[in-house]
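Undergrad: Right, I'll just put the structure down here and ask away after.
The values are calculated or read from the model by the stated rules, or taken from the named source; none is laboratory data. Every value quoted in this text rests on a predicted model; they were computed, and no experiment measured them. No Cβ is skipped: glycine too gets one built from the backbone with ideal geometry, and neighbour counts run over all protein chains shown.
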Amino acid sequence: MSRRARVWLFAVPALGVGALLVWSFTGLPSFGHYRGPYGNAINAQAVPQRHTTNAVAAVNFDYRGFDTIGEEFILFAAVVGVTVLLRLERDEHEESPRDRAERHASIEVADAVALACIGLVAPVLVLGVYVVTHGHLTPGGGFQGGVILAGGPLLVYLAGRYITLRQLRPKGVLDLGEGAGAGGFVLIGFVGLVAGAAFLENVFPLGSTGSVFSAGTLPVINLSVGLEVGAGLLLVMWEFLEQALVVRA
């Protein structure tokens, strides 16, 4: 197929999709004028039914929790794919991971950068834990908090402490954490079946609205998702950093 034919093969469908996208924008309501009935129903029912003040968390982890399991396992599959491909490629090199880490540790990092990065590790981790544990009360949750938690070890790497980073998060622990987080979400769903209800039915005590220990299964699912997302992103970061050292060799 010629280059001109390929361009036309792309351009015609792209123009059609672009026209449909522009058409869809013209039908959007004015800013601040929400017309959907489902959001109004969730806002009215989430607090009395689930004792959560975060309607988004109620939707993601309760009302349509089964869909969220699929979204989580998309990330899980992506992490597994990256891990398998890069580890197989690195096995072809003779240099050990320890030697690569020591060679990388010799790279100079400005003292101001190192100090700033190390000083931010603890605040970032605390923020990540807060976002995960309060995901059913305030904006945030396991996905957002997991991303923040993954930023803590990344700051250690940016400070030029790659050997320390390898000691803080061995691959075995991260592999276990990612699997446990993804599997924990599913196990919570089976609790509903064991209790004689539906899969992912919110069967835990709902507690008092506004309390950390409220909303039934929502905070537990947030913890599982935070563990899976945090460990998964750290695994991806780990694999790409190791791969970068191989390429530099």
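Undergrad: Which of the residues belonging to segment 115-126 are buried (at least 17 other Cβ atoms within 10 Å of the Cβ) and in contact (Cβ under 8 Å) with a residue 40 or more places away in the chain?
TA: Hit for segment 115-126 is 117, nothing else.
Undergrad: Which one is nearest to the chain's Cα centre (by Cα), of the residues in segment 208-232 that are β-branched (Val, Ile, Thr) and within 9 Å of residue 133 (Cα to Cα)?
TA: So in segment 208-232, the residues β-branched (Val, Ile, Thr) come out as 209, 212, 217, 220-221, 225, 229.
When the remaining residues are screened for being within 9 Å of residue 133 (Cα to Cα), the result is 212, 220.
On the way: 212: 21, 220: 16 Å.
So, considering only residues that are β-branched (Val, Ile, Thr) and within 9 Å of residue 133 (Cα to Cα), the one nearest to the chain's Cα centre (by Cα) is 220.
Undergrad: What's the total number of residues in segment 127-150 that are aromatic (Phe, Trp, Tyr) and either buried (at least 23 other Cβ atoms within 10 Å of the Cβ) or closer than 19 Å to residue 182 by Cβ (or both)? Spell out the reasoning first.
TA: If we filter segment 127-150 for residues that are aromatic (Phe, Trp, Tyr), which is where we start, we get 130, 143.
Subsequent filtering for residues that are either buried (at least 23 other Cβ atoms within 10 Å of the Cβ) or closer than 19 Å to residue 182 by Cβ (or both) retains 143.
Within segment 127-150, residues that are aromatic (Phe, Trp, Tyr) and either buried (at least 23 other Cβ atoms within 10 Å of the Cβ) or closer than 19 Å to residue 182 by Cβ (or both) number 1.
Undergrad: Any idea which residue in segment 52-93 is surrounded by the fewest Cβ atoms within 10 Å (Cβ to Cβ), counting only those that are among the aromatic types (Phe, Trp, Tyr) and farther than 14 Å from residue 224 by Cα? Can you show your working first?
TA: Here is the first cut: in segment 52-93, the residues among the aromatic types (Phe, Trp, Tyr) are 61, 63, 66, 73, 76.
In the following step, the residues that additionally are farther than 14 Å from residue 224 by Cα were identified as 63, 66.
On the way: 63: 20, 66: 11.
Going through the qualifying residues, I end up with 66.
Undergrad: Still on this structure: Taking segment 166-203, which residues are at pLDDT 90 or above and of a type in the set (Asp, Glu)?
TA: Listed by number, the list holds a single entry, 201.
Undergrad: What do you reckon, is residue 56 under 19 Å from residue 139 (Cβ atoms), in contact with a Gly (Cβ under 9 Å, 6 or more places away or on another chain) and part of a helix (DSSP H, G or I)? If you could, list the steps in order and put the result at the bottom.
TA: Values: under 19 Å from residue 139 (Cβ atoms): yes; in contact with a Gly (Cβ under 9 Å, 6 or more places away or on another chain): yes; part of a helix (DSSP H, G or I): yes.
Considered against the rule, which asks whether it is under 19 Å from residue 139 (Cβ atoms), in contact with a Gly (Cβ under 9 Å, 6 or more places away or on another chain) and part of a helix (DSSP H, G or I), residue 56 comes out as yes.
Undergrad: Here are some residues: 212, 147. Which one is under 30 Å from residue 116 (Cα atoms) and touching a residue at least 60 places away in the same chain (Cβ under 8 Å)? Give the derivation first.
TA: Working: 212 fails: under 30 Å from residue 116 (Cα atoms).
Answer to the selection: 147.
Undergrad: Here is a follow-up. Can residue 69 be described as in a helix (DSSP H, G or I), touching a Leu at 6+ places or on another chain (Cβ under 9 Å), modelled with pLDDT of 85 or more and β-branched (Val, Ile, Thr)? It would help to see each step written out before you state the result.
TA: On the way: in a helix (DSSP H, G or I): yes; touching a Leu at 6+ places or on another chain (Cβ under 9 Å): yes; modelled with pLDDT of 85 or more: yes; β-branched (Val, Ile, Thr): yes.
Answer is yes for this residue.
Undergrad: Another question, then. With respect to the numbered conditions (1) modelled with pLDDT of 90 or more; (2) within 30 Å of residue 115 (Cα to Cα), which one is the sole condition not fulfilled by residue 161?
TA: Going through the list (1) modelled with pLDDT of 90 or more; (2) within 30 Å of residue 115 (Cα to Cα), residue 161 breaks only (1).
Undergrad: Could you say whether any residue in segment 98-112 is at pLDDT 85 or above and within 18 Å of the chain's Cα centre (by Cα)?
TA: Checked segment 98-112: no residue is at pLDDT 85 or above and within 18 Å of the chain's Cα centre (by Cα).
Undergrad: While we're looking at this one, here's another question. Looking only at segment 19-53, which residues are in a loop (DSSP other than H, G, I, E, B) and in contact (Cβ under 8 Å) with a residue 24 or more places away in the chain?
TA: Taking segment 19-53 as the starting set, the residues that turn out to be in a loop (DSSP other than H, G, I, E, B) are 27-36, 51-53.
Selection gives 51, 52, 53.
Undergrad: Scan segment 180-203 for residues that are among the hydrophobic types (A, V, I, L, M, F, W, C), in contact (Cβ under 8 Å) with a residue 40 or more places away in the chain and crowded, with 17+ Cβ neighbours inside 10 Å and report the count.
TA: Applying the first criterion (among the hydrophobic types (A, V, I, L, M, F, W, C)) to segment 180-203 yields 180, 182, 185-188, 190-191, 193-195, 197-200, 203.
Imposing the further condition that a residue be in contact (Cβ under 8 Å) with a residue 40 or more places away in the chain reduces the set to 180, 182, 185-186, 199-200.
If we keep only those that are crowded, with 17+ Cβ neighbours inside 10 Å too, we end up with 182, 185, 200.
Here the count works out to 3.
Undergrad: Working carefully through the options 235, 223, 193, find the one that is farther than 27 Å from residue 47 by Cβ and in a helix (DSSP H, G or I). Working first, answer last.
TA: Working: 223 fails: farther than 27 Å from residue 47 by Cβ; 193 fails: farther than 27 Å from residue 47 by Cβ.
Exactly one residue qualifies, and that residue is 235.
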